[in-house]
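Everything below concerns the one structure shown next.
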Amino acid sequence: MKYTFLMALYAMCSVGVQAQNPFITHKFIADPSAHVFNDRVYVYASHDEDDAEYYDMVDWACFSSSDLATWVDHGAVLSLSELSWADKWAWAPDAAQRNGLYYLYYPVERNKIGVAVSDRPEGPFEDPLDQPIIDGLVEPFAGKEAIDPAVFIDDDGQAYLYFGCREPRVTKLKDNMIERDGELMEVVILDQMGRRQVWHEKPKEAKNVQANYGGDGVYGEGPWVFERNGIYYFTYANGWSIDATMVYAISDNPLGPFVYQGKVMEPVSSNTSHGSIIEYKGQWYVFYHTKDISGKNYRRSVAVDQLFFDEKGQIKTVAPTRT
Ligand code: FUB
């Protein structure tokens, strides 16, 4: 039944050339986590409801492409209705590949992260644990949000799971990818002078005045990690307001500390800015979302642009392609 449904959704959605953004237009899709699996780009993402007035998402989406121009919609790869331990808020997911299996990491209810497994990158994924691997209600950082998981597997095979809102966290994963290997650690971000960049809650009277912008290098949400030429890049949004955007810090260690460098891209139209970076066929790309189609922050659409580095490995700030 489920396979029949997915096969029906396995319709090609031609979107023309890659420069046309957003590149998925038949539904609202956000928080794109892109990966290259088997020479194909897979984008795992949130699925904003058509009439959304909040982030009340109920399932997770996946699209794939071999040319970034023509995309296959794989439908819902996992839904809240399939989970026994979560009821709401199917937010920004990520995925990883290891030992012939694919792992989907997904946050729910703003405080828990689960993992589901499939033998195919496009799913369907199933939850083998029947419980979260991160539970923000019982962890030492209780009160902060366990959202926005991002998995990075280093060349030595060690996998890391990053996540968090306002306070970025990381934990190592065991080789089976469904168990943590050790405690949660803070991801430390420093400025160029070596000073820690820490989110400060704004006083109530400051609401509406950049209340949800942490400061240039301050972590807000949406972590992503990749490695290039021995440099580990930690990218993230420095808040969720029209002033916030995707920025990055670098380190020689995937656990940090990371030193803030600057913007990955200029602010997008939506108040949230959440994306990912991959290399595909020799070209680097940044995936992100905007509200360019709907004009609504809760109804977002995914976009992709080329990304370039200078000779020192600094990211050249991307100007988002607008419709
Ligand atoms: O999609 C829901 C939330 O919006 C994500 O968790 C954040 O990163 C922001 O994009």
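Residue count for the stretch 54-89 under the criterion of being closer than 21 Å to THR25 by Cβ, within 16 Å of the ligand (Cβ to nearest atom) and either assigned to a loop (DSSP other than H, G, I, E, B) or in contact with a helix residue (DSSP H, G or I) (Cβ under 6 Å, 6 or more places away or on another chain) (or both): the result is 3. The set of residues from the stretch 158-180 being more than 13 Å from the chain's Cα centre (by Cα) and part of a strand (DSSP E or B) comprises ALA159, TYR160, ARG169, VAL170, THR171, LYS172, LEU173, ARG180.
Taking the stated definitions as given, is PHE309 more than 14 Å from the ligand (Cβ to nearest atom) and crowded, with 20+ Cβ neighbours inside 10 Å? Explain how you work it out, then say what you get.
On the way: more than 14 Å from the ligand (Cβ to nearest atom): yes; crowded, with 20+ Cβ neighbours inside 10 Å: no.
When the stated conditions are applied, PHE309 does not pass them.
Scoring GLU145 on the criteria (1) surrounded by 17 or more Cβ atoms within 10 Å (Cβ to Cβ); (2) modelled with pLDDT of 95 or more leaves a single failure, condition (2). Applying a threshold of 8 Å to beta carbon distances and a minimum spacing of six or more residues, or different chains, the list of pairs starting in the stretch 50-77 at a residue that is at pLDDT 95 or above and ending at one that is part of a loop (DSSP other than H, G, I, E, B) and of a type in the set (Ser, Thr, Tyr) reads ALA52/TYR298; GLU53/TYR298; TYR54/TYR298; TYR55/TYR298; VAL72/TYR10; ASP73/TYR10; HIS74/TYR10; GLY75/TYR10. Of the residues making up the stretch 239-256, those that are closer than 22 Å to TYR44 by Cα and free of Cβ contacts under 8 Å to residues at least 60 places away in the same chain are GLY239, TRP240, THR245, MET246, VAL247. Of all the numbered requirements in (1) within 26 Å of TYR44 (Cα to Cα); (2) outside any loop (DSSP other than H, G, I, E, B); (3) not aromatic (Phe, Trp, Tyr), VAL259 misses one, and that requirement is (1). Here are some residues: GLN97, GLN131. Which one is in a strand (DSSP E or B) and more than 11 Å from the ligand (Cβ to nearest atom)? Within the list GLN97, GLN131, the selection yields GLN97. Scanning for something acidic (Asp, Glu), outside any strand (DSSP E or B), free of Cβ contacts under 8 Å to residues at least 60 places away in the same chain and closer than 21 Å to ILE278 by Cα, does the stretch 150-157 turn up at least one residue? Yes, some residue in the stretch 150-157 is acidic (Asp, Glu), outside any strand (DSSP E or B), free of Cβ contacts under 8 Å to residues at least 60 places away in the same chain and closer than 21 Å to ILE278 by Cα.
Of everything in the stretch 214-239 that is of a type outside the set (Ser, Thr, Tyr), modelled with pLDDT of 95 or more and surrounded by fewer than 21 Cβ atoms within 10 Å (Cβ to Cβ), the residue that is nearest to the ligand (Cβ to nearest atom) is PHE226. Among the residues of the stretch 159-182, those identified as touching a residue at least 40 places away in the same chain (Cβ under 8 Å) and more than 23 Å from PRO32 (Cα to Cα) are ASP175, GLU179, ARG180. Residues satisfying the criterion are present in the stretch 134-149 (criterion: free of Cβ contacts under 8 Å to residues at least 12 places away in the same chain and outside any strand (DSSP E or B)).
With respect to ASN208, determine if the residue is in a loop (DSSP other than H, G, I, E, B), modelled with pLDDT of 95 or more, out of contact with any Lys or Arg (no Cβ under 8 Å at 6 or more places or on another chain) and more than 14 Å from the ligand (Cβ to nearest atom).
no
For the subset of the stretch 240-282 comprising residues that are more than 26 Å from ASN38 (Cβ to Cβ) and of a type in the set (Val, Ile, Thr), which member is nearest to the ligand (Cβ to nearest atom)? Going through the qualifying residues, I end up with THR272. Looking only at the stretch 111-125, residues that are part of a strand (DSSP E or B) and either more than 20 Å from the chain's Cα centre (by Cα) or buried (at least 20 other Cβ atoms within 10 Å of the Cβ) (or both) come to 5 in all. In summary, SER118 fulfils each of the numbered conditions (1) more than 16 Å from the ligand (Cβ to nearest atom); (2) in contact (Cβ under 8 Å) with a residue 60 or more places away in the chain; (3) among the hydroxyl-bearing types (Ser, Thr, Tyr) with the single exception of condition (2).
The values are calculated or read from the model by the stated rules, or taken from the named source; none is laboratory data. Please read these numbers as outputs of a predicted model, since none were measured by experiment. Please note: Cβ atoms are built from the backbone with ideal geometry, for glycine as well, and neighbour counts cover all protein chains shown.
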